[in-house]
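Scroll down for the structure; my scribbles are underneath it.
The values are calculated or read from the model by the stated rules, or taken from the named source; none is laboratory data. None of the values given here were measured: they were computed from a predicted structure. FYI the Cβ positions are ideal-geometry reconstructions off the backbone, even for glycines, and counts take in every protein chain you see.
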Amino acid sequence: MKGCGRKRAAISAGWIPAQGCGPEPEFTSRDCLSLLNAGDEVANVRVMVVYATRDQVGPCRLAVAPRRMRRVRINDLIFPEAVRLEEAYGLAIESDQPVVAQFTRMDTRAKANAGLMTMAWGEPEARR
């Protein structure tokens with residue numbers, strides 16, 4: 001099967017609150033990155049964390065098996081450095097295979113939890 005998606009994508013809306021209103025880990029505020037690899041080869045993905053006021057960090061390396069999806073809490077990306085709480089950030093995503101990238105947020109600072117979901121902006125492939 002031919003893969004779908006893009007080899008390069010970006011997320012610009014990152015923000016992980018430090019506080020939650022319930023027990024951890026269920027009520028820990030978090031951002032998540034979901035990656036879909038619809039192709040027949042492993043997708044080797046590199047994620048750079050780009051901050052508004054400090055140097056970028058990364059790459060965080062992720063593998064997505066063929067014909068599978070992988071969901072990762074941004075809070076769990078700790079190598080080479082943990083993503084900072086309470087700081088605006090974006091994600092620059094590069095893969096050696098096309099992937100579909102989706103970003104979600106769960107904000108648990110209030111008892112009425114808030115959620116957000118968006119697709120990553122994907123860079124079109126160069127025309128041949």
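Have a look at ARG61, ARG84 and point out the one that is assigned to a strand (DSSP E or B), in contact with a Phe, Trp or Tyr (Cβ under 9 Å, 6 or more places away or on another chain) and surrounded by fewer than 18 Cβ atoms within 10 Å (Cβ to Cβ). Steps first, please.
Numbers: ARG84 fails: assigned to a strand (DSSP E or B).
Exactly one of ARG61, ARG84 is assigned to a strand (DSSP E or B), in contact with a Phe, Trp or Tyr (Cβ under 9 Å, 6 or more places away or on another chain) and surrounded by fewer than 18 Cβ atoms within 10 Å (Cβ to Cβ), namely ARG61.
Per-residue answers, yes or no, for (1) assigned to a loop (DSSP other than H, G, I, E, B); (2) modelled with pLDDT of 95 or more; (3) more than 13 Å from the chain's Cα centre (by Cα); (4) over 14 Å from ARG6 (Cα atoms):
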residue	(1), (2), (3), (4)
GLU24	yes, no, yes, yes
VAL45	no, yes, no, no
SER95	no, yes, no, no
THR104	no, no, no, yes
ARG128	yes, no, yes, yes
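Would you check if VAL50 is modelled with pLDDT of 95 or more and farther than 25 Å from GLY3 by Cα?
On the way: modelled with pLDDT of 95 or more: yes; farther than 25 Å from GLY3 by Cα: yes.
Considered against the rule, which asks whether it is modelled with pLDDT of 95 or more and farther than 25 Å from GLY3 by Cα, VAL50 comes out as yes.
Does ILE74 fit the bill of being within 11 Å of the chain's Cα centre (by Cα), under 24 Å from LYS7 (Cβ atoms) and at pLDDT 95 or above?
Considered against the rule, which asks whether it is within 11 Å of the chain's Cα centre (by Cα), under 24 Å from LYS7 (Cβ atoms) and at pLDDT 95 or above, ILE74 comes out as no.
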